[in-house]
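Reading through the structure tokens given below for one structure.
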Amino acid sequence: MAARGQRPERSGPPELFYDKNEARKYVRNSRMIDVQTKMAGRALELLCLPEGQPCYLLDIGCGSGLSGDYLSDEGHYWVGIDISPAMLDVALDRDTEGDLLLGDMGQGIPFKPGSFDGCISISAVQWLCNANKKSDIPAKRLYCFFSALYSVLVHGARAVLQLYPENSEQLELITTQATRAGFTGGVLVDYPNSARAKKFYLCLFSGPSTFIPMAQNEDDEEEEARESTFTVERVPYMMARRGVVRKSRQWVLEKKERRRRQGREVRPDTQYTGRKRKPRF
């Protein structure tokens, strides 16, 4: 485990850092879960997907499936890839709805060209900037990753990668390799003046350059509070989702309905659906 103040990437390979103890935090630590979910929501927002249309998305460094759960809640289908077996085990235990794949993004993405309508990644890409063995060359691993990502996206699709660059040189290394692979786009920084809330999002386009949405700042929350009655239709639904308790009857019914829309076999709803069962002796 990384010492306090030390960047996780400096402590060793990600498959070793994210062991069973670290993976449990993504189930038990409410703050970590909240931050991860919010970043996934922001990344999905920056993808600018068609409203009301389910898409097939790729989640790079999916970990315990928290970001994937957000995608499912928004009605999308997804595939997650991660290098840590412990994190994927947690995702399986949480019964995430996406398909999971164990793999190293620095060695490419094993899918057919044009497979995905978009891609998100939360706190993963900066791991490629460190060499954990002599054969690891960060620039080559980054280029391999971005080349594969460019291939598996449909033409014109976006990829939004949230990352924590260690310095400006590291960020330049990442963006340079993305450009070499064919991407256009840029870096968006939310809350640039805040030490804790500052977030970097690499917004990539696999087609002609389009606009990059405005960054968020410290005044956004106050503006949202003042203008809450004039927001888009999607917001009331998300506000309602916040009040849904996991494993409750409403949560179970919504999950079954999503699976029906996906064409999966689901048992019919009854008066016992979502009922809490007494523990067995």
Rg/Rh of the stretch 13-206 (Cα atoms, Kirkwood Rh), to two decimals, equals 0.93
Hits among lysines - C-alpha to C-alpha of K25 under 20 Å, sequence gap 8 or more where chains match:
K38, K247
Subtracting the Cα-Cα distance from 0.36 nm times the residue separation, let me have the gained length for N29 to Y272 in nm, one decimal.
84.4 nm
Tell me, what % of the accessible area of the stretch 117-172 is carbon and sulfur with a 1.4 angstrom probe?
53
Residue-ordered couplings for the stretch 93-99, obtained by feeding phi - 60° into the Karplus form 6.51 cos²θ - 1.76 cosθ + 1.60 and rounding to whole Hz (Gly and Pro as x), are 5, 7, 6, 5, 8, x, 8
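What is the diffusion coefficient of the stretch 94-170 in µm²/s, taking the Kirkwood radius over Cα pairs and the Stokes-Einstein relation at 37 °C with a viscosity of 0.692 mPa s?
Details: Rh = 13.7 Å.
It comes out at roughly 239 µm²/s.
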In nm, to one decimal, how far is the K20 label point from the V252 one, both placed 7 Å along Cα→Cβ?
3.0
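Ranking request for peptides 13-24, 187-198: highest mean number of other beta-carbon atoms within 10 Å first, then the rest in descending order.
Values: 13-24: 16.3, 187-198: 12.9.
Highest mean packing first, the order is 13-24, 187-198.
Below 8 Å, C-alpha to C-alpha, sequence gap of six or more: please give me the relative contact order for the stretch 13-206 in percent. Mind showing how you got there, number by number?
Details: 367 pairs, mean separation 37.3, N = 194.
Reported as a whole number, the value is 19 percent.
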For the pair Q107 and T37, how long in nm is the line joining their label points, each one 7 Å along Cα→Cβ?
3.4
Over the stretch 35-153, with the other protein chains present, what is the accessible area per residue in square angstrom, probe 1.4 angstrom?
38
Given a Förster distance of 41 angstrom, what is the FRET efficiency for Y191 paired with V245, based on the Cβ-Cβ distance and rounded to 0.05?
0.85
Dipole magnitude of the stretch 1-79, debye to nearest 20 (Cβ charges: Lys/Arg +1, Asp/Glu -1, about Cα centre):
560
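The values are calculated or read from the model by the stated rules, or taken from the named source; none is laboratory data. Please read these numbers as outputs of a predicted model, since none were measured by experiment. Reconstructed Cβ throughout: ideal geometry from the backbone, glycine too, with neighbour counts over all protein chains shown. The protein model used for the area step is the full one, side chains on, heavy atoms only, and it has no ligands, DNA or RNA in it. Shrake-Rupley method; radii C 1.70, N 1.55, O 1.52, S 1.80 Å.
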